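Some notes on the structure that comes next.
Just so it is clear, none of the values below were taken in a lab; they were calculated from the coordinates. This structure is a prediction, so every number in the text was calculated from the model and none was measured. Here Cβ is always computed from backbone atoms with ideal geometry, including for glycine, and neighbour counts include all displayed protein chains.
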Amino acid sequence: MIRSGDQPYLVRVYLGHLGGWRLYLHRFLVSDGERWLHDHPFDAVAVVLAGGYQEEVLPALGAAPRTRRRRWWNWIPRRKFHRIAAVRPHTWTLFAHGPHRKVWGFVEPVDTEDGPVAMMYFNPFDQSDSGGAHWWARDGVAVYPPEGIG
């Protein structure tokens, strides 16, 4: 179970690996909320098995984000800044990612005298949980569903 603060966010089941790619089954419980736009340290693809989601995408640093609906699949190159803006109920995806090539990155608006006109790229925090394990690391088929999943 991956959490956003105290709220359950994503159920992740590690399925195995194939040709250097790791395969997961994801069940989105909520959107990214007010989280910053982020990119991934790897190239990835998500195939929507049920439900769907809206993804906010940043086409370029300094540009306005755009929202796209994802109902079938989503190619996620490692430098694509995005966030999950809305999730339909019972959204499941098959998620596969390649090898890690960089660290996670985040962008947020920078306030200036003229308003938020730029974006800042940063990696703001330790990307591990309180137990010291990487939150993205495979953990077999251990899934800890919150109340109400079914």
Taking R0 as 41 Å and r as the Cβ-Cβ distance between residue 54 and residue 13, the FRET efficiency 1/(1 + (r/R0)^6), rounded to the nearest 0.05, comes to 0.95
If you take the beta carbon distance between residue 114 and residue 75 as r and set R0 to 30 Å, what does 1/(1 + (r/R0)^6) give as a FRET efficiency, to the nearest 0.05? 0.30
Full-extension gain in nm, residue 30 to residue 86, via 0.36 nm per residue minus C-alpha separation: 19.4 nm
Averaging 1/r across every pair of distinct alpha carbons in segment 8-73 and inverting yields a Kirkwood hydrodynamic radius, in angstrom, of 13.9
